[in-house]
Amino acid sequence: MTNHEMLAIGRIDYANAWPLFHYVTEPAMSALGARIVSRIPAELNRTLLSGELAMSAVSSFAYARHAEQYLLLPDVSVSSVGSVHSILLFLKKPLDQVRKGVIAVTNASATSVNLLKVLMSVYLEGEPTYETMEPNLDKMLEHADAALLIGDPAIHASWRGTELQVIDLGKMWHDFTGLGMTYAVVAVRKEAAARHYDTIAAVHQLMVESKRKSLLNPELLVQQACESLGGEPDYWRLYFRALKYDFGERQQAGLRLYLKYATELNLLDREPELVFFK
């Protein structure tokens, strides 16, 4: 079987998704006739929609926009109940001015950008202007009053020790709703689920087992993060402890409320159902 013929499975190329894939090895995937493709969320959103990927971790918002084409994998997500530490709004002006000002937003993820729009509109009653840019904090703040970064770029920017105010959108969402927030889900194209049911089910079990092992011994992830991304062990221990990787009722309730607000703000055409692969 050639690499092109193997079932392509998308992996989010940020530390926040590591536990779902850390123990999903290339030999195990190859034995199932599958391969891993690592990309930023926006690229995975696009390639799952185009059919280049059969299954992928994707932005929750990307699932919602095309829910009729996908099924959700149960028991796996990237979520938080409170601070997420890697979806951060950097402000060079007071929040009250930012509410009516210009915010530069990353082009790397749809969920976080629309979470910001929901919070700004519904929670803070603001009407800022948004500009989509590459995730470079200095360039984003040249003409904007605030900048939204996600993933590893947000983490690195938070370490710089600038005088900028930093708002964690996971915490703000929890302060607003009392619920958690699900930033990424794992979705499979319906036709792939039908044609490759056994393979999809087996890959799903590998991810569930990877999550279990990662949370049982997070020190391996902490060490990898220090070596590849920098920072101190205590930071990464806090980081991985804050994130949630299940997709139970609490996570689903927070996601449904987010999708409800997004629909009311016309960010989504309609509020989707959460339909699961079984």
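The values are calculated or read from the model by the stated rules, or taken from the named source; none is laboratory data. Since the structure is predicted, the reported quantities are computational estimates derived from the model, not experimental observations. Every residue, glycine as well, gets a Cβ built from its backbone with ideal geometry; the counts of neighbours run over all protein chains shown.
Brief remarks follow.
- Considering the range 239-278, and only residues there that are of a type in the set (Phe, Trp, Tyr) and touching a strand residue (DSSP E or B) at 6+ places or on another chain (Cβ under 8 Å), the residue that is surrounded by the fewest Cβ atoms within 10 Å (Cβ to Cβ) turns out to be Phe276.
- When restricted to residues that are free of Cβ contacts under 8 Å to residues at least 24 places away in the same chain and in a helix (DSSP H, G or I), the range 206-226 contains 6.
- Per-region count, the range 116-154, residues touching a helix residue (DSSP H, G or I) at 6+ places or on another chain (Cβ under 7 Å), under 21 Å from Val78 (Cβ atoms) and in contact (Cβ under 8 Å) with a residue 60 or more places away in the chain: 6
- If the condition is being assigned to a helix (DSSP H, G or I), of a type in the set (Lys, Arg) and free of Cβ contacts under 8 Å to residues at least 24 places away in the same chain, then the range 227-274 contributes Arg237, Arg241, Arg256, Lys260.
- Among the candidates Val58, Val113, Val98, the residue that is in contact with an Asp or Glu (Cβ under 9 Å, 6 or more places away or on another chain) and in contact (Cβ under 8 Å) with a residue 24 or more places away in the chain is uniquely Val98.
- The range 108-135 - residue that is charged (D, E, K, R) and within 27 Å of Leu179 (Cβ to Cβ) and, of those, surrounded by the fewest Cβ atoms within 10 Å (Cβ to Cβ): Glu125
- Taking the range 136-170 as the range and being surrounded by 16 or more Cβ atoms within 10 Å (Cβ to Cβ), out of contact with any Gly (no Cβ under 8 Å at 6 or more places or on another chain) and part of a loop (DSSP other than H, G, I, E, B) as the test, the residues that pass are Leu141, Leu164.
- Taking (1) aliphatic (A, V, I, L, M); (2) assigned to a helix (DSSP H, G or I); (3) in contact with a Phe, Trp or Tyr (Cβ under 7 Å, 6 or more places away or on another chain); (4) surrounded by 21 or more Cβ atoms within 10 Å (Cβ to Cβ) in turn, Val203 satisfies each apart from (3).
- Subset of the range 28-58 that is touching a strand residue (DSSP E or B) at 6+ places or on another chain (Cβ under 8 Å) and charged (D, E, K, R) - its residue that is farthest from Ala202 (Cα to Cα): Arg39
- The residue list Ala187, Ala144 contains one member that is within 26 Å of Leu53 (Cα to Cα) and at pLDDT 95 or above, which is Ala187.
- Checking the stated criteria, Lys211 turns out not to satisfy the condition of being of a type in the set (Lys, Arg), over 19 Å from the mean Cα position of the chain (by Cα) and within 22 Å of Ile9 (Cβ to Cβ).
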